[in-house]
Amino acid sequence: MALYAASPAFNPTNDLSKWEEAAALAHEAIMQNSGSLKSLQDYDYTSTTNVDHIWRLRDANLKKDLEERLYPPTLYGQGEVNPSQNLVDAFPDSKGYPISMSVEYDPANPYASRDDRFYKFIFYNTDRSFTSETGSDYDSLQIYEGGLDNYGGFMRTEGTRTGYYLKRFLNKLNFDPSVDNATTSAARVYVQLGLTELYLNYAEAANEAFGPDIIPAGYNFSAKDALAQVRKRAGITSDEYLDLVAANSADFRTLLKNERRIEMCFSGERFHDLRRWNDIVATEDVRGMKITKNADGTFSYQEVEVENRTYEAKNSYLPLPYAELILNSNLKQNQGW
């Protein structure tokens, strides 16, 4: 609540005391939970012992419904959720640089040398699915025109609209009916609040209140320190780009927003982050990647527009229910509604 209250949509004069309060509360929560900044645990949607989970809901019953709905067709799923090219482009390269600045990124081979989170969150063309120490569990996914996972469909049964399927939140199951004793269900954990979100909240508020690389009196770490822990889990250990953007609050803010986009994708936060930042009117149209397999076995990639998104300034605030306005004449409808 303090972070929302400090954000541009609800703090138009940029009262720094509100950012300071949000930073102080996030700092206090981090210290009470772990005593200091610490390395984050890996993503795990079955564990009931992950100390990074502050508030979680657990369904102890063995489940498979989410996997059946979201797995690509060749993994015996329905492929209901198709991440956008916009999100894929938000993942940096393996060294933490945006792909627009990367010397590693190759548009002809766009899924090589990317941030670890990309491989954990997204099913992509030629992805070997879930991997293990002994190698791949499935053949590579064919998310191209005419491939088994079928790019280009506008209905669920026709394939992905964007060239991708969602891997995040899914357990490693095997629905192949030809496999004896395959694991076809697992318990699931739903994390409502985790240490990652506290780190991101603190990094954002502390940057606005004090700057990226300052440890204020009475605090134990800077905004940069908190964000570094989030990126270290993604395999970015020597973080030259973070050092670069920590020179000023504006560049750090841009990186922080992108990190929230990645870390909290598909958790229901993105729309509300855009609202509170007053960035909702700048929302991009949804883009996808049209993938064609060439005769020599290589692939050609062409970005395409999938869906037009238009939000007005009024979408920074949600409308109050009409029934509540009738009950209380002192309530005023939010602007634009």
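Numbers below:
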{"quantity": "Cut-off under 5 Å, modelled amide H: who pairs with PHE123 long-range", "calculated": "TYR165, LEU166, LYS167"}
{"quantity": "Per-residue ³J(HN,Hα) for segment 35-52, Karplus 6.51 cos²θ - 1.76 cosθ + 1.60, θ = phi - 60°, Hz, x for Gly and Pro", "calculated": "x, 4, 5, 9, 5, 7, 6, 5, 5, 8, 9, 10, 6, 10, 10, 5, 6, 6"}
{"quantity": "Residue-wise HN-Hα coupling along segment 91-103, computed from phi with Karplus coefficients 6.51, -1.76, 1.60 (Hz; x: Gly, Pro)", "calculated": "6, x, 7, 5, 9, x, 8, x, 5, 5, 10, 7, 8"}
{"quantity": "Long-range HN-HN contacts of ILE54 with modeled amide H, under 5 Å", "calculated": "LEU193, GLY194, LEU195"}
{"quantity": "Cα-projected label distance for ASN278 with LYS293, points at 7 Å along beta-carbon direction, nm", "calculated": "5.0"}
{"quantity": "Cα-centred dipole magnitude for segment 62-213, charges only on beta-carbon of K, R (+1) and D, E (-1), debye, nearest 20", "calculated": "360"}
{"quantity": "Nonlocal amide H pairs with PHE299, under 5 Å, H built at 1.01 Å", "calculated": "ASN294"}
{"quantity": "Cα-based Rg and Dmax for segment 185-287, where Dmax is the largest Cα-Cα distance (Å)", "calculated": "14.8, 50"}
{"quantity": "Probe 1.4 Å, protein heavy atoms only - accessible area per residue of the chain in square angstrom", "calculated": "51"}
{"quantity": "Chain lengthening between ARG56 and ASN258 when straightened (0.36 nm per residue, less Cα-Cα)", "calculated": "70.3 nm"}
{"quantity": "Distance violations [Cα-Cα > 25 Å] among LYS232/LYS293; LYS38/LYS257; LYS95/LYS224; LYS172/LYS224", "calculated": "LYS232/LYS293; LYS172/LYS224"}
{"quantity": "Size descriptor, Kirkwood hydrodynamic radius, that averages inverse alpha-carbon separations across the chain, Å", "calculated": "21.9"}
{"quantity": "Of the GluC sites (Glu not before Pro) in segment 260-337, those whose Cβ has at most 12 other Cβ within 10 Å and which sit in DSSP loop", "calculated": "GLU284, GLU312"}
{"quantity": "Relative contact order computed over segment 161-264 (Cα-Cα under 8 Å; 6+ residues apart), in percent", "calculated": "21"}
{"quantity": "Residue-span extension gain [ALA108 to ASP139] - 0.36 nm each, minus C-alpha spacing", "calculated": "9.0 nm"}
{"quantity": "HN-Hα J in Hz across segment 110-117 - Karplus 6.51, -1.76, 1.60, θ = phi - 60°, x for Gly and Pro", "calculated": "x, 9, 8, 6, 10, 3, 4, 5"}
{"quantity": "At least 18 Å along the helix axis (C-alpha) and Kyte average at least 1.6, DSSP helices within the chain", "calculated": "none"}
{"quantity": "Average Cα contact separation per residue, segment 1-66, under 8 Å, 6 or more apart, as relative contact order %", "calculated": "18"}
{"quantity": "Length added when fully stretched, GLU28-LYS120, from 0.36 nm per residue minus Cα-Cα", "calculated": "30.1 nm"}
{"quantity": "Positive dipole terminus of segment 213-337, leading residue within LEU227, ASN315, LEU327 (C-beta point charges)", "calculated": "LEU327"}
{"quantity": "Cα-centre dipole for segment 10-111 with unit charges at Cβ (Lys and Arg positive, Asp and Glu negative), debye to 20", "calculated": "240"}
{"quantity": "Selected from LEU173, LEU244, LEU195 as most flexible by GNM, with the chain as the system and alpha-carbon contacts under 10 Å", "calculated": "LEU244"}
{"quantity": "Dipole magnitude of the chain about its Cα centre (Cβ charges: Lys, Arg +1; Asp, Glu -1), debye to nearest 20", "calculated": "660"}
{"quantity": "Estimated distance in nm for a label pair at THR184 and ASN14, the labels positioned 7 Å out from Cα along Cα-to-Cβ", "calculated": "5.8"}
{"quantity": "Volume per residue that the Cα convex hull of segment 221-337 spans, once the total is divided by residue count, Å³", "calculated": "199"}
{"quantity": "Calculated FRET efficiency for the pair ASP42/GLN333, C-beta based, R₀ 41 Å, to 0.05", "calculated": "0.35"}
{"quantity": "Computed over the chain: relative contact order in percent, which uses C-alpha pairs under 8 Å that are six or more apart", "calculated": "21"}
{"quantity": "Solvent-accessible area of SER39 with every protein chain in place, 1.4 Å probe, in Å² to the nearest 10", "calculated": "80"}
{"quantity": "Segment 218-317 - percent of accessible surface contributed by carbon and sulfur, probe 1.4 Å", "calculated": "44"}
{"quantity": "Normalised per residue, the volume of the convex hull around the Cα set of segment 25-89 (Å³)", "calculated": "163"}
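The values are calculated or read from the model by the stated rules, or taken from the named source; none is laboratory data. Not measured: the values here are computed from a predicted model. Methodologically, a virtual Cβ is constructed for each residue, glycine included, from the backbone with ideal geometry; neighbour enumeration extends over all protein chains shown. Keep in mind that these areas ignore ligands, DNA and RNA; they rest on the heavy atoms of the full protein, side chains included. Shrake-Rupley method; radii C 1.70, N 1.55, O 1.52, S 1.80 Å.
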